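Before any comments, here is the structure.
The values are calculated or read from the model by the stated rules, or taken from the named source; none is laboratory data. Please read these numbers as outputs of a predicted model, since none were measured by experiment. In this analysis, Cβ positions are derived from the backbone assuming ideal geometry, glycine residues included, and neighbour counts consider all displayed protein chains.
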Amino acid sequence: MTDENMADDMAEIIEEFLVESHESLDRLDNDFLALEEHPDDVETLSRVFRAIHTIKGTASFLDFGQLEAVSHVGEDLLSRLRDGALKLDRPRTDALLAMVDAIRASLDAIEERGGDSQVDHSELVLRLRELTADSGGSPSPAPAGQGEAGTSEGDEDPTSTQPDQASPEPAGGETTPIDPTSTQPDGDSPMPAGGETTPIDPTSTEPSIGGEAQSPVPAPARGGSESSIRVDVALLDRVMALVGELVLARNQVLEHAKEGPGPALLATTQRLNLITSELQEQVMKTRMQQIRHVWSRFPRVVRDLALSCGKEVALEMIGAETELDKTLLEAIRDPLTHIVRNSVDHGIEDPDTRRAAGKPSTGHIRLTARHEGGQVLIEICDDGKGLDLQRVREKAIQNAGLDPDRVMAMSDREAAALVFLPGLSTAEKVTNVSGRGVGMDVVKQGIEAIGGTVEISTELGAGTSLTLRVPLTLAIIPALNVMCSGQQYLIPQVSLVELLRVDQGSTSHRVETAGTSRVFRLRGELLPIVYLSEVLGLGNQALDDRRLHVHNIAVLRAEGSVFGLAVDSVLSTEEIVVKPLSSALRHLDFYSGTTILGDGRVALILDAAGLARYSGVAGDETSDQMNSDLEDGPAVGSAVLVCAVGDRRVGISLAQITRLERFPAETLEFAAGREVVQYRGDLLEITRLADLLGVGTRSTEPETLTLLIREDSSGFRGLAVDRILDLTSAGNLPPLPSDENERGDLVSGSISIDGQVTDILDLGQLTDRGRELAGRG
Amino acid sequence: MNTRSDLVAGYDGDPLVATFALAGNWFGLNALDVQEVLRSQPMTGVPGAAEGIEGLVNLRGQVVLAYDLRHGLGLPRRGPDEKVMMMVLGSGVEPIGLLVDRIGDVIGVPASSVLPPPETLEGALEGVVSGIHQMGSDLLLILDTGSVVERVLRADSGPGNDGDDNRSDSGRNR
């Protein structure tokens, strides 16, 4: 065996050791916390003992001295605890948790440098040995956290600082030596496990008091141990099976392709299509991990932090089994951690204050996760003191330099969102933990970077709640392809509410200009309209050129606001692979990524939220109203009535129809040149859809007149169709490109229902035209 | 064109510099940073992007930013008929395509023959030139890859530009 091979094998062994140990440690954190509640649980103690024993063994074999030393002495302590010779009290729990941290630090060092000789656990080893020696060991002060440079407790000798931890940082970071004489405020928190380290550089010129002026260093990447994933074997089997079928289908396609196009080739390509879709779905699933993966650290984080703040906090986690894509999981880890720490540090009050306020002395934080509409919804709620919106407003004016009038005019919801501005911190006392005032904006950025959103709601005295919405998967999404100024753009389907075709020639249903805004009255409410060409700085041909009277508008929903995006034309819906945007372009809010189209060209993906913000239609009060109205009203995807009109199939949203009635043909009468029937004590005007659509002559006179009754501002109107074919749900089917010239402006799109092309009519338009026609006739 | 690995494997000579021409001047970059060189590809423009960013290109399934190095170095704009080649830098976080006029040879440049850049270097050339080398009768300006990449990614394109984006003014409440 060559040296190279041996080195490779070694590297592999170490790699495996790291992965398994990290997993072990995650469990250990929670085991220790459980033991705190039930110190006599022998089973858990045994399990913990075995875990440490294993780590010790491998550390010894691989010659990781420091790791071996600390796990050895930890094992001794655990052995005596397990045997009942010693009691698990608070100091011992703290020491053991510190041991877990030390082991982590060693593992990180090994990962980065192949050895842990540079980390020094001798302090901790001594401490553990003391605690093992007798049951009356002097209680040590609040656990010294690993990895935070210069942390010193109130009573401790300032020279007994923490060992220089090799916390790996992302490229460009360096570990900084600890200056034992640097001053730190009292009551520092111990560093919670793993990736929260923020070394303070004592050589920086900024004052390091409380680390106030420091910008947080992003959590160290865990490298190798994070780049692998556990996959359910059954899932892999399914994937393998599908791949097998894919190969067969491919062979068949190759065979039939030789014969040229025909039913056989068509059938096999259909099959290929099906298999590909299913394979895609299954492979996506392999990347899914449960959110408990990220949440598992929190009990420890909360415990340690609460202790050091002198508070009592209970953490509840619901929906830990909710799954999300691994990459997204990693991306929300830090933001979530920050939010939870914020809650403990600034949200929950200390027990006395709580009792005085009539609250239970233990504060409560609840994490919930669930799937909702293609996204994962994560909520972090606390019953703490809530945000003082008045102070938030003041800080926003002072620190962020916002216009005082605007800030004061903001609704509570908008004011609460001000905490996401950089530089805002209403913390009374800035601690090392989360009072630097640089946190929440980074949180928001982090969530938005993966295409998610974060909202905050708060009630003074009662608590604060944050809601994160994160897409389920990142990689492949359905999107609508649109044209604007000669270039294609993609709009993610998840943001799309419906599509409109607006005829600027119409007197009542057109895009109107109100001051500097453009709006469109949709079903009685005002919809803000944004022209994509303007956002992109390409002018606005649509409004400038009178001949282009049909405007295609995609109604989008983002961050609670709804608006219409006007584009040149709507092409098709496709599933696209999302590729990240170059860092040179990330500041352009309205793009969320790129993709490669079928023809090999690159196309940009639009970001609805970014567009809304950029155009100033986000968070509008009008939009809020609009939003709730649209949510109640029909969208593409509600029930559609399919009717036959001449030789056409038309679909009408059920919400646009009041009643369906059938009249015997003989009840049809004429009055003032119009066809009418008597209905509900009044005369009901009839409009023949066949006429409006220009569909040849009326088809054979039926004995019954089938009418769709619609009530609008001018009263009841009856629309005659030949036959009602079906009532169906159109789902979120993409409209096919519709030919403008042929059908005119009454058709708002075409949909394939049950495999047949069906024109969707907008009855709002028809009523206008109907009146025009009827007036002439 | 030799692949990088051919050049690198067992190579023990002078540092290799990939040369290229822009507006009649010769420039060079560390050959190890250059992933590949190709003809100009169909590009998708990015409305709203800073000047200098020509667009996005599909490079075997990867979306690569194409940046006009003439702009970055403060050189006059390319005429419509002038040839364009793309040099892809592959050593960083994301690949970057630099648009240049002409690709030259990869030459070995002994460290001893590289002179420090003159202090009188003006404008856009300041900060990106790491050294000067006499290449035959021409002067070769060796650029520092890191500085060039930074200039691209920050859309900081030279003199008179503090990194502001040419965003349309039609946006409100920005």
Which condition from (1) touching a strand residue (DSSP E or B) at 6+ places or on another chain (Cβ under 9 Å); (2) at pLDDT below 85 is the one that A:Glu281 breaks?
(1)
For segment B:48-66, enumerate the residues that are at the interface with another protein chain (Cβ under 8 Å from one of its Cβ atoms) and touching a residue at least 60 places away in the same chain (Cβ under 8 Å).
B:Gly48, B:Ala49, B:Ala50, B:Ile53, B:Leu65
Out of B:Val84, B:Val8, B:Val88, sole residue that is at pLDDT 90 or above, more than 14 Å from chain A (Cβ to nearest Cβ) and over 24 Å from A:Phe590 (Cβ atoms)
B:Val84
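Sort through A:Ser122, A:Ser106, A:Ser140 and tell me the only one that's out of contact with any strand residue (DSSP E or B) (no Cβ under 9 Å at 6 or more places or on another chain) and modelled with pLDDT under 80. Working first, answer last.
On the way: A:Ser122 fails: modelled with pLDDT under 80; A:Ser106 fails: modelled with pLDDT under 80.
Result of the check over A:Ser122, A:Ser106, A:Ser140: A:Ser140.
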How many residues are aliphatic (A, V, I, L, M), touching a helix residue (DSSP H, G or I) at 6+ places or on another chain (Cβ under 8 Å) and modelled with pLDDT of 80 or more if we restrict to segment A:613-660?
3
Looking at A:Val302, is it over 20 Å from the mean Cα position of the chain (by Cα) and at pLDDT 90 or above?
yes
Segment A:387-409, residues that are of a type in the set (A, V, I, L, M) and without any contact (Cβ under 8 Å) to a residue 24 or more places away in the chain:
A:Ile397, A:Leu402, A:Val407, A:Met408, A:Ala409
Every residue in segment A:567-602 that is among the basic types (Lys, Arg), in a loop (DSSP other than H, G, I, E, B) and facing another protein chain (nearest Cβ under 7 Å), please.
A:Arg601
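I'd like to check something: does segment A:350-367 contain any residue that is acidic (Asp, Glu), touching a residue at least 60 places away in the same chain (Cβ under 8 Å) and farther than 22 Å from A:Ile450 by Cα?
Pass one, segment A:350-367, residues acidic (Asp, Glu): A:350, A:352.
Still in the list and also touching a residue at least 60 places away in the same chain (Cβ under 8 Å): none.
The answer is no, given that none of the residues of segment A:350-367 is acidic (Asp, Glu), touching a residue at least 60 places away in the same chain (Cβ under 8 Å) and farther than 22 Å from A:Ile450 by Cα.
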Of the conditions (1) farther than 18 Å from B:Leu32 by Cα; (2) at pLDDT 90 or above, B:Ile103 clears all except one; give me its number.
(1)
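Where residues in segment A:115-135 are among the hydrophobic types (A, V, I, L, M, F, W, C) and farther than 10 Å from A:Ala102 by Cβ, which of them is surrounded by the most Cβ atoms within 10 Å (Cβ to Cβ)? Full working, then the answer.
To start, the set of residues in segment A:115-135 that are among the hydrophobic types (A, V, I, L, M, F, W, C) comprises A:119, A:124-126, A:128, A:131, A:133.
If we keep only those that are farther than 10 Å from A:Ala102 by Cβ as well, we get A:126, A:131, A:133.
Details: A:Leu126: 11, A:Leu131: 25, A:Ala133: 13.
Applying the filter and picking the extreme gives A:Leu131.
Name the residues in segment A:291-316 that are charged (D, E, K, R) and surrounded by fewer than 19 Cβ atoms within 10 Å (Cβ to Cβ), would you? Quick ask: steps written out before the conclusion?
Looking only at segment A:291-316, we keep the residues that are charged (D, E, K, R), and these are A:292, A:297, A:300, A:303-304, A:311-312, A:316.
Matches in segment A:291-316: A:Arg292, A:Glu312, A:Glu316.
Can you tell me which residue within segment A:258-290, out of those that are hydrophobic (A, V, I, L, M, F, W, C) and surrounded by 16 or more Cβ atoms within 10 Å (Cβ to Cβ), is farthest from A:His371 (Cα to Cα)?
Step one: filter segment A:258-290 for residues hydrophobic (A, V, I, L, M, F, W, C), giving A:264-267, A:272, A:274-275, A:279, A:283-284, A:288.
Remaining after also requiring surrounded by 16 or more Cβ atoms within 10 Å (Cβ to Cβ): A:265, A:272, A:275, A:279, A:283, A:288.
Details: A:Leu265: 39, A:Leu272: 30, A:Ile275: 26, A:Leu279: 22, A:Val283: 19, A:Met288: 13 Å.
Across segment A:258-290, the extreme among qualifying residues is A:Leu265.
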Can you find a residue that is under 24 Å from A:Ala306 (Cα atoms) and touching a Phe, Trp or Tyr at 6+ places or on another chain (Cβ under 6 Å) anywhere in segment A:97-105?
yes
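Please tell me if A:Gly423 is assigned to a loop (DSSP other than H, G, I, E, B) and either over 20 Å from the mean Cα position of the chain (by Cα) or at pLDDT below 80 (or both).
yes
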Criterion violated by B:Arg77 - all others in (1) on the phi < 0 side of the Ramachandran plot; (2) at pLDDT 90 or above satisfied
(2)
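Condition check ((1) at pLDDT 70 or above; (2) touching a strand residue (DSSP E or B) at 6+ places or on another chain (Cβ under 8 Å); (3) closer than 22 Å to A:Ser752 by Cα) across all residues:
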site	(1), (2), (3)
A:Arg680	yes, yes, no
A:Gly696	no, no, no
A:Thr706	yes, yes, no
A:Ile709	yes, yes, no
A:Arg717	yes, yes, no
A:Arg723	yes, yes, yes
A:Ser729	no, yes, yes
Residue selected from segment B:126-150 under the condition under 14 Å from the mean Cα position of the chain (by Cα) and among the polar types (S, T, N, Q), by the criterion surrounded by the fewest Cβ atoms within 10 Å (Cβ to Cβ)
B:Ser147
